[in-house]
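J.: Shown below is the structure under consideration.
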Amino acid sequence: TGPGILLPLMHVYKRHPESTVAVFPSDHFIVEEELFMAHVYLACRVVERYPSYLVLLGIQPGAPEPDYGYIVPGPKANHLALLSIHGVSQFIEKPDAHAVQELLVKGGLWNSMVMVFKARTLLDLVRRTAPQIYRLFSWILQAVGTTGETDVVEEAYRQMEVVNFSRGLLEALPREYASRLLVLPVRGVHWSDWGSEHRIMSVLQNTGHLGRLHGIPESRLFRIWQGSSSADRVGRRFL
């Protein structure tokens, strides 16, 4: 996921180096979309006013979920206290069941991985925390838009180690660059990471969407979900 975010960021940065960027994972389900996007717009306004920050959206947990990443909020940012925006004291990726309970007591939030930042700011944080991957993507940046771009990307990826964005980058930031991170708590939003068949069916049932499947058996639903054209047809039927 580290390279998955950084590769398109090189294209954005090459064309619009002062841009504000929002990252949205593709497998998330959100019921109250307008309320959620209002939080995203607020994060964008904060970043445009204070460009050195990276703002993450943290979801108010609805239940103990050991399969999610957690953000432990720090104190409220003084100049943003009226917006209920906090610093970040810790990231915990997929804690065990006992640790989850402790995180909930501490006010831990689900890490949605939706984040807003200036392109230049994230690259600076990567340079400071992961110089090896930064060097490879700097090489890619120079090649973006040239005839040698494809060859450079392929060679860089051959040299690149696997880097998970949460574990490899985010978890290291509070230890050294906590002042650059903020978390915006999101409340009143039904959010789920659809990373498993069980979670998809559970969320559809709990939100009252399951009836929109029009009687499609669960087993058949996931067989056709694997094909993009079939998945699109199913999506139009129940969403």
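The values are calculated or read from the model by the stated rules, or taken from the named source; none is laboratory data. All figures in this text were calculated on a predicted structure; none of them were measured in a lab. Neighbour counts run over all protein chains shown; Cβ positions are idealised from the backbone, glycine included. To get the accessible areas, we keep the full protein, side chains included, count just its heavy atoms, and leave off ligands, DNA and RNA. Shrake-Rupley method; radii C 1.70, N 1.55, O 1.52, S 1.80 Å.
J.: Using just the alpha carbons, could you tell me how many Å³ per residue the convex hull of region 110-152 encloses? Kindly include the intermediate steps, with their values, before the conclusion.
T.: On the way: hull volume 4.7 nm³, N = 43.
Residue-normalised Cα hull volume stands at 109 Å³.
J.: Between the DSSP loop rule and a limit of at most 13 other Cβ atoms within 10 Å, which GluC sites (Glu not before Pro) in region 30-122 are left? Show your work: numbers first, answer last.
T.: Numbers: sites: Glu32, Glu33, Glu34, Glu48, Glu93, Glu102; in loops: Glu32.
Filter output for region 30-122: Glu32.
J.: Any idea how many Lys pairs in the chain come in under 28 angstrom at the alpha carbon, given 8 or more places apart or on separate chains?
T.: On the way: Lys14/Lys118; Lys76/Lys94; Lys76/Lys106; Lys76/Lys118; Lys94/Lys106; Lys94/Lys118.
So the count of such lysine pairs works out to 6.
J.: Can you pull the three principal axis extents for the Cα set of region 35-85, in Å, largest first?
T.: Sorted largest first, the three principal extents are 35, 24, 19 Å.
J.: Provide the per residue accessible area, probe 1.4 Å, for the chain, rounded to a whole number of square angstrom. Before the final figure, lay out each step's value.
T.: Details: 12810 Å² over 239 residues.
Heavy-atom SASA per residue in the chain reads 54 Å².
J.: With n ≥ 4 as the cut-off for DSSP H runs, can you work out [θ] at 222 nm for the chain, using -39500 (n - 2.57) per run divided by the number of residues, rounded to the nearest 500?
T.: Details: 10 runs with 109 residues, N = 239.
Using -39500 (n - 2.57) per qualifying helix, the result is -14000 deg cm²/dmol.
J.: Right, something else. Kindly state, as a whole number, the per residue volume in cubic angstrom of the convex hull around the alpha carbon atoms of the chain. Could the numbers behind the result be given before it?
T.: Working: hull volume 35.7 nm³, N = 239.
Normalising the Cα hull of the chain by residue number yields 149 Å³.
J.: Taking a virtual spin label 7 Å from the Cα of Leu83 along the C-beta vector, which residues in region 52-66 bring their backbone nitrogen under 16 Å of it?
T.: Inside the label zone: 52-58.
J.: How about region 106-194: which trypsin sites (Lys or Arg not before Pro) there lie in a loop by DSSP and see at most 16 other Cβ atoms within 10 Å?
T.: On the way: sites: Lys106, Lys118, Arg120, Arg127, Arg128, Arg135, Arg158, Arg167, Arg175, Arg180, Arg187; in loops: Lys106, Arg187.
Here the sparse-neighbourhood loop sites are Lys106, Arg187.
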